[in-house]
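The values are calculated or read from the model by the stated rules, or taken from the named source; none is laboratory data. Computed from a predicted structure; not experimentally measured. We place every Cβ from the backbone using ideal geometry, glycine too, and count neighbours over all the protein chains shown. For the accessible areas, the whole protein counts, side chains as well, though only heavy atoms, and no ligand, DNA or RNA atoms are used. Shrake-Rupley method; radii C 1.70, N 1.55, O 1.52, S 1.80 Å.
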Amino acid sequence: MEMKDTLNLPITDFPMKASLTQREPEMLAHWEKEELYKKIRQSAKGKPKFVFHDGPPYANGHIHMGHALNKLLKDFIVKIMSMKGFDSGFIPGWDCHGLPIEHQVGKKLKEKKLSLEKSEIRKQCRIYAQEFVDIQKEEFKRLGVLADWENPYLTMNYSYEATIVREFGKFVENGLVYKGLKPVHWCTSCQTALAEAEVEHADHTSPSIYVKFPVQSGIPQAMAGLSSLYMVIWTTTPWTLPANLAICLHPEFNYVAVSHGDDTYIVAEELLPSLVTEWELRDYKVLGSCKGAEWENAVCRHPFIDRESKVILGEHVTLEQGTGCVHTAPGHGQDDYIVGLKYGLEPYNPVNNAGVFVPEVEHFGGMFVRKANPEIIEKLRQDGFLILAVDIKHSYPHCWRCHQPIIFRATNQWFISMDKKDLRKNALAGIDRTKWIPEWGRERIYSMVENRPDWCVSRQRAWGVPITLFTCNACGEFVNSSELFQRIAEGVEQHGADFWFDTEDLLPQGTVCQCGGKEFSKESDILDVWFDSGVSHAAVIESNPELHWPTDLYLEGSDQHRGWFHSSLLESIGTRGKEPYKAVLTHGYVVDGKGKKMSKSAGNVIAPEKIIDQYGAEILRLWVASENYREDIRISNEILKRLTESYRKIRNTLRYLLGNLHDFDYSEDHVPVEDMLELDRYILYRFNVLRDKILTAYEKYEFHVFYHSFSNFCVVELSAFYLDILKDRLYTYPVKSHGRRSGQTALHILMMGMVRLMAPVLSFTSEEVWACLPRKSVDEESVHLSQFPEPTNVSFDDALVTKWEFLVDLKREVSKALEISRREKVIGHSLDASVKLELPEKYQSLVESDELKYIFIVSEVELVDDVGTEGNVYESDSLAGVKVFSKMHSGKKCERCWNYFAPDTQAGKANGEICLRCEGHLQATGA
RNA sequence: GGGCCUGUAGCUCAGUUGGUUAGAGCGUCCGCCUGAUAAGCGGGAGGUCGCAGGUUCAAAUCCUGCCAGGCCCA
């Protein structure tokens, strides 16, 4: 083994085993102690700004994969911008108000059998939200996300709440806010109106009933003379019948009169066959037919209430189910409400907050609506107005929190009008001024804004920011005073939202309404939480003189086209006439290995915590970078296993670079690029190509391009090609020889470049590498304080590129040839081989015969005109005309460099066990 | 039911304006090495490009339908 001692083998303390789960927390503690984030911010002072705005996750529950994906993408971007020379920070935020938290707190209180004042509930909610802010904060930090964790924005901070009050005040002043009676999704259990986002659809069993409405007058000409006429309606919500005010027909459909026994039913012609089957009609006769339009202004009688039901026309009537005659209760349905407006029908709603009929309702007053269903059916049956009642299972809206079926119910709500002041039109223009990544995001949000109804911003709940309005008891108008809003906002800034609820005499004494009214009531509703987060651009960005408004980038999951992107847009356009962001990036959802969504019931949920405990956050980071997040992205144990292996390869490559730089001091030992060996210049040229590719990918936020190209570079260009070839020089040449120093210079440049290119993604490992670098080589204490590498000025012209690309291809062909000999047990190691190479003339100018053996890592290469046909001859497919003959070298294996040599001419003069080359090297070293 | 999106080897990704036997890395299998060693190197096998039609001299690439999946709605 004495020859081994004369070699320059790699030496490094950088461990092969990553031990991420142990090392990461240590590094995080180090970063925190050194206040790394602060230092990055300080070092960026004066640079051009890139303003990113973090969307606030809801402060409830632990983080899941979606959160991890989202925050890591943001972390990549902020780090990238910072290393590109921008002043770019990360102010994290949380969404704290709203029903889900109030609900959780409510449950806790219920368990303790406590019922509290609203102000106490708010206090409890605040504590609850803060708890989860703290929990999630630690979970996000653990991912290696560098952000201003000390100073996050919380929508429940007093100053933030004050901003909400002020922003809402702007809408009021601008005349976009109105109070209206409108059917909204209503949860009778939570006793609140629900936003569309708060409604989920699930299967539900409902009665499906057909009800006869006697026609009283206005029978069309075509039906004249027919008696006992009944319009037949279909509904799955019998409880809405007490609120029936009309029956709606499609003007273009044909309606037939069908006699059955003593009755004659009016139904849509196209639906008759299916109805005949469903109702099991045996003897029936079609007596007449006419367009729905001819029925307009006819009048029916309500089957059990002393009231008329008008026949009206509407385009929303379909032939998919029912009878084509649509039971219309304008207080209980969106379509009903809209068509009712046309015909001057009031949005009549006889159901209270708890879903109970008001006492005035005949027969059913005081009854809960779903309890009333069977009673109403029974009443109809007894009175002979029921044709059929069965149960059906169908998709029905449910409350997203309590999962109870909800109802549609007209209530007094506060709205922001989409059209009164052109909010919709202006928002659409704003969408067109924004860059959507991917581009289809534009389509998506555009059609949502185009079609959405007015924004219902009121909630009948406790945990939120109040709608700070006073309404005149006499006329119902609200007091619109900017000074008043200002005063309230100041109070909220000091004391929080409770200021509104708890302070008496907010209204200046002697306030008189325009109508003369002197009595006012204080609004007790709170604002939709989407309004809260929608003002973040004002509370967090605009108010901060260090940042610029509008923001450069928002980045959230694709669900936020309806959520935060949407509410932020409307809020900003409504108050400032301008969109709050320049670009919006969306990512897909995390799904399981088969592409199915994760759910508790499917049992396929993978928690970030588990991955961190098992593999380390670095693997999670690499996972985010490896997948194309613009689509749904998969995660599974197999994927993580593959990534871990890939990570190991990257890590080992870096470790090898470090190991071979242990005796290299760049300032003293480096070889000027122009003096470096051609192979070394070639790899630097290749690294320049890689660098460009990665920086371009970062520019476009295409992180998977980084992962693939970086990993490929490590595997293909470095490990299998360059480093393998370089070993001979690094190990056997004299320490300070030009050949070795030339290679080390290349390794040093690669090392310094790679560690910085990977830092935004592999933030832990790059820092670990950084710490191992000679202090002389690095100016910054952390890789995250450094900038991306400049390209190396290596002149490598097209001819050289062609040559080296050919040599790479040729090496692969030689390897195939060697494999034949190896398979036949002629050789083992490639250095055992002696190779004869036949090249077509066009390739001959590309090769220099004495360097080939080192590139192929064989002991001898002879260029010949004809390799002949004897022995192991390999003919290349990909390089036409290239033939390789390989055999066991007939000489002696050098004990030192393992190359074979001819004993008579190439042996060392003093020691015949080593070759002449090694002898020279040993002498030069003085050994 | 509607809007938007996705579907290329076991896994993650490439595939330029439609144009030669669809590429890469990992994994797998086989082998080598023992001077990156719980490492390193080489080679082989793997895809009717979700399915079915259509346009075209030519389709993974364009069109239609269907199937599967995701987000958002009804």
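Scan the stretch A:510-528 and give yes if some residue there is surrounded by 21 or more Cβ atoms within 10 Å (Cβ to Cβ) and within 28 Å of the chain's Cα centre (by Cα), otherwise no. Walk me through how you get there before you give the answer.
The first filter runs over the stretch A:510-528 and keeps only residues surrounded by 21 or more Cβ atoms within 10 Å (Cβ to Cβ), leaving A:526-528.
Among the residues that remain, those that are also within 28 Å of the chain's Cα centre (by Cα) are: A:527-528.
Checked the stretch A:510-528: at least one residue is surrounded by 21 or more Cβ atoms within 10 Å (Cβ to Cβ) and within 28 Å of the chain's Cα centre (by Cα).
Contact map, the stretch A:653-667: residues that are within 8 Å of RNA strand B (Cβ to nearest atom) and of a type in the set (Gly, Ala, Ser) paired with residues that are open to solvent by 30 Å² or more (accessible area, probe 1.4 Å) and not in a helix (DSSP H, G or I), Cβ distance under 9 Å, separation 6+ or inter-chain. Pairs shown: A:Gly659/A:Leu9; A:Gly659/A:Pro10; A:Gly659/A:Ile11; A:Gly659/A:Thr12.
Just wondering, is there one or more residues in the stretch A:450-458 that are open to solvent by 20 Å² or more (accessible area, probe 1.4 Å), over 30 Å from A:Ala497 (Cα atoms) and in contact with a Lys or Arg (Cβ under 9 Å, 6 or more places away or on another chain)? If you could, list the steps in order and put the result at the bottom.
Of the residues in the stretch A:450-458, the ones open to solvent by 20 Å² or more (accessible area, probe 1.4 Å) are A:450-454, A:456.
With the extra rule that they be over 30 Å from A:Ala497 (Cα atoms), the set shrinks to A:450-451.
Going one step further and asking which of them are in contact with a Lys or Arg (Cβ under 9 Å, 6 or more places away or on another chain), we end up with A:450.
Scanning the stretch A:450-458, I find at least one residue that is open to solvent by 20 Å² or more (accessible area, probe 1.4 Å), over 30 Å from A:Ala497 (Cα atoms) and in contact with a Lys or Arg (Cβ under 9 Å, 6 or more places away or on another chain), so the answer is yes.
Listed by position, the helices (runs of 4 or more DSSP H) contained in the stretch A:1-90 that have at least 1 residues being within 29 Å of the chain's Cα centre (by Cα), of a type in the set (Ser, Thr, Tyr) and surrounded by fewer than 19 Cβ atoms within 10 Å (Cβ to Cβ) are A:20-33.
Pairs linking a residue in the stretch A:700-720 that is closer than 15 Å to A:Arg648 by Cα and of a type in the set (Asp, Glu) to a residue that is near RNA strand B (Cβ under 7 Å from one of its atoms) and open to solvent by less than 50 Å² (accessible area, probe 1.4 Å), with Cβ atoms under 8 Å and 6 or more positions apart or on different chains, do not occur. Residue check: A:Gly365 meets all listed conditions (1) farther than 27 Å from A:Gln221 by Cα; (2) in contact (Cβ under 8 Å) with a residue 12 or more places away in the chain; (3) in contact with a strand residue (DSSP E or B) (Cβ under 6 Å, 6 or more places away or on another chain) but one, namely (2).
Please pick out the residue among A:Ser795, A:Ser777, A:Ser834 that is surrounded by fewer than 16 Cβ atoms within 10 Å (Cβ to Cβ), over 30 Å from A:Lys79 (Cβ atoms) and away from RNA strand B (no atom under 15 Å from the Cβ). If you could, list the steps in order and put the result at the bottom.
Details: A:Ser777 fails: over 30 Å from A:Lys79 (Cβ atoms); A:Ser834 fails: surrounded by fewer than 16 Cβ atoms within 10 Å (Cβ to Cβ).
From the options A:Ser795, A:Ser777, A:Ser834, the qualifying one is A:Ser795.
Answer with yes or no whether A:Ile857 is open to solvent by less than 60 Å² (accessible area, probe 1.4 Å), within 16 Å of RNA strand B (Cβ to nearest atom) and at positive phi. Here the answer is yes, as A:Ile857 does meet what is asked.
Restricted to strands (runs of 3 or more DSSP E) entirely inside the stretch A:498-593, those with at least 1 residues that are modelled with pLDDT of 95 or more are A:551-557, A:581-587.
For the stretch A:899-916, a tally of residues being surrounded by fewer than 18 Cβ atoms within 10 Å (Cβ to Cβ) and either assigned to a strand (DSSP E or B) or not polar (S, T, N, Q) (or both) returns 8. Evaluated against (1) more than 6 Å from RNA strand B (Cβ to nearest atom); (2) open to solvent by 10 Å² or more (accessible area, probe 1.4 Å); (3) among the small types (Gly, Ala, Ser), A:Ala617 falls short on exactly one condition, (2).
Name the one entry in A:Ile338, A:Ile312 that is over 21 Å from A:Gln191 (Cα atoms) and either open to solvent by less than 30 Å² (accessible area, probe 1.4 Å) or of a type in the set (Ser, Thr, Tyr) (or both).
Numbers: A:Ile338 fails: either open to solvent by less than 30 Å² (accessible area, probe 1.4 Å) or of a type in the set (Ser, Thr, Tyr) (or both).
Every option except A:Ile312 fails the conditions.
Counting only residues that are under 54 Å from the mean Cα position of the chain (by Cα), over 18 Å from A:Leu818 (Cα atoms) and not polar (S, T, N, Q), the stretch A:830-850 holds 5 of them.
Condition check for A:Asn473 on (1) out of contact with any Asp or Glu (no Cβ under 6 Å at 6 or more places or on another chain); (2) farther than 23 Å from A:Gln334 by Cα: one failure, at (1). Here A:Val258 clears all of (1) free of Cβ contacts under 8 Å to residues at least 40 places away in the same chain; (2) open to solvent by 20 Å² or more (accessible area, probe 1.4 Å) except the condition numbered (2). The residues of the stretch A:673-731 include none that are within 26 Å of A:Leu69 (Cβ to Cβ) and over 32 Å from the mean Cα position of the chain (by Cα).
The number of residues in the stretch A:102-123 being open to solvent by 40 Å² or more (accessible area, probe 1.4 Å), within 19 Å of A:Met156 (Cα to Cα) and among the small types (Gly, Ala, Ser) comes to 1.
Residues in the stretch A:707-758 that are closer than 26 Å to A:Met3 by Cβ, in a loop (DSSP other than H, G, I, E, B) and either away from RNA strand B (no atom under 14 Å from the Cβ) or among the polar types (S, T, N, Q) (or both): A:Pro734, A:Val735, A:Lys736, A:Ser737.
Can you confirm whether A:Phe687 is assigned to a helix (DSSP H, G or I) and more than 15 Å from RNA strand B (Cβ to nearest atom)? For A:Phe687, the condition - assigned to a helix (DSSP H, G or I) and more than 15 Å from RNA strand B (Cβ to nearest atom) - is met.
If we scan the stretch A:372-389, do we find a residue that is open to solvent by less than 70 Å² (accessible area, probe 1.4 Å), at pLDDT below 90 and of a type outside the set (Asp, Glu)? No.
Note on the stretch A:860-883: among residues that are under 53 Å from the mean Cα position of the chain (by Cα) and among the aliphatic types (A, V, I, L, M), the one that is most open to solvent (accessible area, probe 1.4 Å) is A:Ala880.
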